[in-house]
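K.L.:
Questions regarding the structure given below will be posed in turn.
The values are calculated or read from the model by the stated rules, or taken from the named source; none is laboratory data. Computed from a predicted model, the values in this text were never measured in an experiment. No Cβ is skipped: glycine too gets one built from the backbone with ideal geometry, and neighbour counts run over all protein chains shown.
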Amino acid sequence: MDKNALTQVALSVRSLAMDAIQKANSGHPGVVLGAAELGAVLYGEILRHDPSNPKWPDRDRFVLSAGHGSMFLYSLLHLSGYADMTMDAIKSFRQVGSVAAGHPEYGASGGIEMTTGPLGQGLASAVGMAVAETMLAARFNTPARKIVDHYTYVLSGDGCLQEGVSGEASSLAGHLGLGKLIVYYDSNKITIDGSTDLSFTENAAKRYEAYGWQVLSGSMYDFEEIAKLTAQAKAETKKPSIIILTSVIGKGAPNKQNTADIHGMPLGMEELALARKALGIPGDPGTLNFYVAPEAETYFKAKRDEWKKAREKWLAEFDAWAKENTDKKKEWDAFYSGKAVKAALPSFAVGEKIATRSAGNKALNAVANANPNLVGGSADLKGPNAVGISGAAVYSASDRSGRYIHFGIREFAMAAISNGISLHGGFRPFCSTFMVFSDYLRPALRLSALMKQPVIYVLTHDSIYVGEDGPTHQPVEHLAALRAVPNVRVLRPADAEETAEAWAMAMERTDGPVVLALTRQNTTVFAKEDSEWKDKLRSGAYIVKKPTGPVDVVLIATGSEVNLALAAAELSGKNVQVVSMISRELFESQSKAVRDSVVSPGARTVVCEAAVRQGWERWAKPEDIFTIDRFGESGPYEKAAESLGFTAKALAEIIER
Ligand SMILES: Cc1ncc(C[n+]2csc(CCOP(=O)(O)OP(=O)(O)O)c2C)c(N)n1
Ligand SMILES: [Mg+2]
């Protein structure tokens, strides 16, 4: 280990961070200055990566869970030689269009493994990446050749450890014995408000021990110790490791280090000059020079050759493996194609009464059969969510080949882990819970959407028709809340046939998450007059039933309320055209011609959904929107609906008006 070179790398990281943050007049120098030594040894000596091929499948993953320290990542990506992270990008840190955005954004530059910034989620998703590594290894490694063999590293701060989601995920990681997950904890005992004494005095080491992790500790400022602790972490193959590194926030800024002031504000030109002086960074006080030490450049230049050779060695191994294992190679290609294989979907008979969650289970099984890389599970609601896959082994510490994941009652971690599985590559994850508890996972769903990850969220018990469990379990505002997130596709199929198609639609999506909103109660499979209904479903809505005469009312319904709409149309004396709108967002994104072909312009429209009206205002006049704008009620579901006035008769009265 060339300690002198690493010192110069750490110095360069500090220099770039101080200058970029000063230039932007915005950013978080504290963690970058405080953890620069870890950055140097991590990127220089520990990580197996290749900047010339950032997506190399067997690279080590590094997740900067403390995403506010984005300049930590950017400066190291730049020094390592990631092509997108140019000096210009660093000089335009936090400016519109720069790949060096405020917080790391997935896809902006090679080497950014995920979008971080919402504290805790980086660590939680890293658990998913580590899960995916073991799953992939179990499926593709052979006794002769280990083509999947990499580590997942995380840098986490006090904030990440305070967030509940990291606890949920770490608990599961301990249970699952993810030995190749290594978390560095930048323990500087400072957050925005000041000392952690204000609110965080628990013994994190003991907590992680209790989770079943290996807990190690040392100094942030000893390269050899960090390398030694990392080797110890790797040697422990049955437990994840957390390495607690005692550090000083803002190290190097003589007056501001070890204070909350340096957490999230530029140093100011005066302190910057003093810091440079203390650190030995050349340059005129009063000007920013984005200094990079020549020794750091030379060091990484040599590394780039080593890294490339290491990847080429892997590639040779991979090619040999591919020749010896042609079937596995075919499967590998399918896993990495990013395209789902079309499944033979289950069929249902008109008149059949079946809950869409149950129909969903049949579709899931068909889709899972065709796509062995579909993996996932539920937050302890396997039966109620109906997400069991027949014959599927359970993924566990002793069986990495399993595909069903018992996430435990950890909705937020479940979704964050699913993001990690998706980001890792190779797998298509799904996760599930009651729709009402989507609130518990919403921040991770938001990141799925932001990162364009095609995670499938199976959210059952999708309305007050849950019944006896009462208002705590009856979602009313959730459909609106889910639809409000950009790039989330909410599919609420109306019957078993639509549900099977909805699963297919979910699998077809490649650039964002899909929510499958499914019922607990039975719905009746209805006749579809339009032979092209499946194609039209993919535009978000289609006409279920056309009246014989001229259309008086277009009645738009979603999910189980299509049954209600058909009943109300029967009761009414008007000519009602019933529309099933499986996805409002999708339909709203269609051309006017497509929209007009389903919802005739000029016709009176009535909307029906067993949820709050928010978002439906565009589609009907206030008095023509039949929704539930209050919490539900405990009772058998028909009785609960009656008591809420949500009946076919009441809907028919609106139509008649
Ligand atoms: C979920 C979430 N809540 C709040 C914030 C705002 N925030 C950003 S950094 C930070 C403090 C983090 O403290 P620590 O992890 O110790 O980082 P350090 O101050 O040591 O750099 C907070 C509250 C956030 N980014 N994410
Ligand atoms: Mg801190």
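K.L.:
Can you pull out the residues in segment 133-173 that are buried (at least 24 other Cβ atoms within 10 Å of the Cβ) and of a type in the set (S, T, N, Q)?
P.N.:
T152, S156, S166, S170
K.L.:
Within segment 170-281, which strands (runs of 3 or more DSSP E) (wholly inside it) include 3 or more residues that are among the β-branched types (V, I, T) and within 16 Å of ligand 2 (Cβ to nearest atom)? Don't jump to the end; show me each part of the working.
P.N.:
On the way: elements: 181-187, 214-219, 241-246.
Filter on segment 170-281 gives 241-246.
K.L.:
Which one of these is buried (at least 20 other Cβ atoms within 10 Å of the Cβ), over 20 Å from R357 (Cα atoms) and not β-branched (V, I, T): A569, A500? Spell out how you get there, then give the answer.
P.N.:
On the way: A500 fails: over 20 Å from R357 (Cα atoms).
Testing whether each residue is buried (at least 20 other Cβ atoms within 10 Å of the Cβ), over 20 Å from R357 (Cα atoms) and not β-branched (V, I, T) leaves just A569.
K.L.:
Which residue out of E617, E623 is surrounded by fewer than 21 Cβ atoms within 10 Å (Cβ to Cβ) and assigned to a helix (DSSP H, G or I)? Steps first, please.
P.N.:
Numbers: E617 fails: assigned to a helix (DSSP H, G or I).
Answer to the check: E623.
K.L.:
For T196, only one of the following conditions fails: (1) of a type outside the set (A, V, I, L, M, F, W, C); (2) within 16 Å of ligand 1 (Cβ to nearest atom); (3) buried (at least 23 other Cβ atoms within 10 Å of the Cβ). What is its number?
P.N.:
Status for T196: all satisfied but (3).
K.L.:
Does segment 336-355 include one or more residues that are touching a Leu at 6+ places or on another chain (Cβ under 9 Å), on the phi > 0 side of the Ramachandran plot and modelled with pLDDT of 95 or more?
P.N.:
No, segment 336-355 contains no residue that is touching a Leu at 6+ places or on another chain (Cβ under 9 Å), on the phi > 0 side of the Ramachandran plot and modelled with pLDDT of 95 or more.
K.L.:
Can you find, within segment 387-405, the residue that is surrounded by the most Cβ atoms within 10 Å (Cβ to Cβ) among those that are over 10 Å from A368 (Cβ atoms) and among the hydroxyl-bearing types (S, T, Y)?
P.N.:
This residue is Y395.
K.L.:
Then there is this: Taking V455 as the residue in question, decide whether it is hydrophobic (A, V, I, L, M, F, W, C), surrounded by 22 or more Cβ atoms within 10 Å (Cβ to Cβ) and within 18 Å of Q614 (Cβ to Cβ).
P.N.:
So V455 fails the test.
K.L.:
Another one. Collect the residues in segment 626-657 that are surrounded by 15 or more Cβ atoms within 10 Å (Cβ to Cβ), within 34 Å of the chain's Cα centre (by Cα) and in contact (Cβ under 8 Å) with a residue 24 or more places away in the chain, keeping them in residue-number order.
P.N.:
Correct list: F626, I628, G632, E633, S634, Y637.
K.L.:
How many residues are farther than 13 Å from S432 by Cβ and part of a helix (DSSP H, G or I) if we restrict to segment 369-407?
P.N.:
The qualifying residues number 2.
K.L.:
Hey, among the residues in segment 347-386 that are touching a helix residue (DSSP H, G or I) at 6+ places or on another chain (Cβ under 6 Å) and over 23 Å from P454 (Cα atoms), which one's surrounded by the fewest Cβ atoms within 10 Å (Cβ to Cβ)?
P.N.:
Restricting to residues being touching a helix residue (DSSP H, G or I) at 6+ places or on another chain (Cβ under 6 Å) and over 23 Å from P454 (Cα atoms), the top hit is F348.
K.L.:
Has segment 3-19 got any residue that is in a loop (DSSP other than H, G, I, E, B), crowded, with 18+ Cβ neighbours inside 10 Å, touching a residue at least 60 places away in the same chain (Cβ under 8 Å) and of a type outside the set (D, E, K, R)?
P.N.:
Within segment 3-19, not a single residue is in a loop (DSSP other than H, G, I, E, B), crowded, with 18+ Cβ neighbours inside 10 Å, touching a residue at least 60 places away in the same chain (Cβ under 8 Å) and of a type outside the set (D, E, K, R).
K.L.:
Might you let me know whether segment 66-73 holds any residue that is more than 16 Å from ligand 2 (Cβ to nearest atom) and either surrounded by fewer than 22 Cβ atoms within 10 Å (Cβ to Cβ) or not in a loop (DSSP other than H, G, I, E, B) (or both)?
P.N.:
Yes.
K.L.:
Let me ask something else about it. When segment 299-319 is examined, which residues are found to be basic (K, R) and surrounded by 14 or more Cβ atoms within 10 Å (Cβ to Cβ)?
P.N.:
K303, R304, K308, R311
K.L.:
Related question: Inspect all residues belonging to segment 309-330 and state whether any of them is closer than 18 Å to V148 by Cβ, of a type outside the set (A, V, I, L, M, F, W, C) and part of a loop (DSSP other than H, G, I, E, B). Let's see the steps before the verdict.
P.N.:
Step one: list which residues in segment 309-330 are closer than 18 Å to V148 by Cβ, which gives 310-330.
Narrowing the set further to residues that are of a type outside the set (A, V, I, L, M, F, W, C) leaves 311-313, 317, 319, 323-330.
If we keep only those that are part of a loop (DSSP other than H, G, I, E, B) too, we end up with 325.
Yes: one or more hits.
K.L.:
Being within 16 Å of ligand 2 (Cβ to nearest atom) and assigned to a helix (DSSP H, G or I), is that true of even one residue in segment 21-29?
P.N.:
Checked segment 21-29: at least one residue is within 16 Å of ligand 2 (Cβ to nearest atom) and assigned to a helix (DSSP H, G or I).
Each row is one residue, and each column tells you yes or no for (1) free of Cβ contacts under 8 Å to residues at least 60 places away in the same chain; (2) closer than 20 Å to H68 by Cα; (3) of a type outside the set (S, T, Y).
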residue	(1), (2), (3)
S217	yes, no, no
A233	yes, no, yes
V248	no, yes, yes
P254	yes, no, yes
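K.L.:
Considering (1) away from ligand 1 (no atom under 16 Å from the Cβ); (2) under 15 Å from G252 (Cβ atoms); (3) over 30 Å from the mean Cα position of the chain (by Cα), say which one R14 fails and leave the rest.
P.N.:
Failing condition for R14: (1).
K.L.:
Going through segment 223-270 one residue at a time, which ones are of a type in the set (V, I, T) and at positive phi? Walk me through how you get there before you give the answer.
P.N.:
Keep residues of segment 223-270 that are of a type in the set (V, I, T), which gives 226, 230, 237, 242-244, 246, 248-249, 259, 262.
Selection gives nothing.
K.L.:
Every residue in segment 101-128 that is away from ligand 1 (no atom under 16 Å from the Cβ), buried (at least 24 other Cβ atoms within 10 Å of the Cβ) and not in a helix (DSSP H, G or I), please.
P.N.:
Hits for segment 101-128 are G111, I112, E113.
K.L.:
I've got another one for you. If the Cβ limit is 6 Å and pairs must be 6+ apart or interchain, which residue in segment 529-540 that is touching a residue at least 12 places away in the same chain (Cβ under 8 Å) pairs with which residue that is part of a loop (DSSP other than H, G, I, E, B) and surrounded by fewer than 18 Cβ atoms within 10 Å (Cβ to Cβ)?
P.N.:
S539/Q590
K.L.:
Follow-up question, since we're still on this one. Identify all residues within segment 4-60 that are out of contact with any helix residue (DSSP H, G or I) (no Cβ under 6 Å at 6 or more places or on another chain) and of a type in the set (K, R); write none if there are none.
P.N.:
Once the filter is applied, which keeps residues that are out of contact with any helix residue (DSSP H, G or I) (no Cβ under 6 Å at 6 or more places or on another chain) and of a type in the set (K, R), segment 4-60 yields K23, R48, K55, R59.
K.L.:
Among what's in segment 139-169 and is assigned to a helix (DSSP H, G or I) and within 16 Å of ligand 2 (Cβ to nearest atom), pick the residue that is nearest to the chain's Cα centre (by Cα).
P.N.:
S166
K.L.:
Here's another thing I want to ask about it. Of the residues V32, V131, which is away from ligand 2 (no atom under 16 Å from the Cβ) and part of a helix (DSSP H, G or I)?
P.N.:
Among V32, V131, only V131 is away from ligand 2 (no atom under 16 Å from the Cβ) and part of a helix (DSSP H, G or I).
K.L.:
Hey, among the residues in segment 25-55 that are more than 16 Å from ligand 1 (Cβ to nearest atom) and either of a type in the set (A, V, I, L, M) or on the phi > 0 side of the Ramachandran plot (or both), which one's farthest from the chain's Cα centre (by Cα)?
P.N.:
Checking each candidate, the answer is N25.
K.L.:
Need pairs with beta-carbon distance below 7 Å; first residue more than 9 Å from H424 (Cα to Cα) and among the charged types (D, E, K, R) and within segment 120-131, second modelled with pLDDT of 95 or more and within 16 Å of ligand 1 (Cβ to nearest atom); sequence gap 6+ or separate chains.
P.N.:
Pairs that qualify, where the first residue is more than 9 Å from H424 (Cα to Cα) and among the charged types (D, E, K, R) and the partner is modelled with pLDDT of 95 or more and within 16 Å of ligand 1 (Cβ to nearest atom): there are none.
The rows are residues; the columns are (1) modelled with pLDDT of 95 or more; (2) touching a Pro at 6+ places or on another chain (Cβ under 7 Å); (3) within 14 Å of ligand 1 (Cβ to nearest atom).
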position: A204; (1), (2), (3): yes, no, yes
position: W213; (1), (2), (3): yes, yes, no
position: M220; (1), (2), (3): yes, no, yes
position: I244; (1), (2), (3): yes, no, yes
position: K251; (1), (2), (3): yes, no, yes
position: N258; (1), (2), (3): yes, no, yes
position: I262; (1), (2), (3): yes, yes, yes
position: E271; (1), (2), (3): yes, no, no
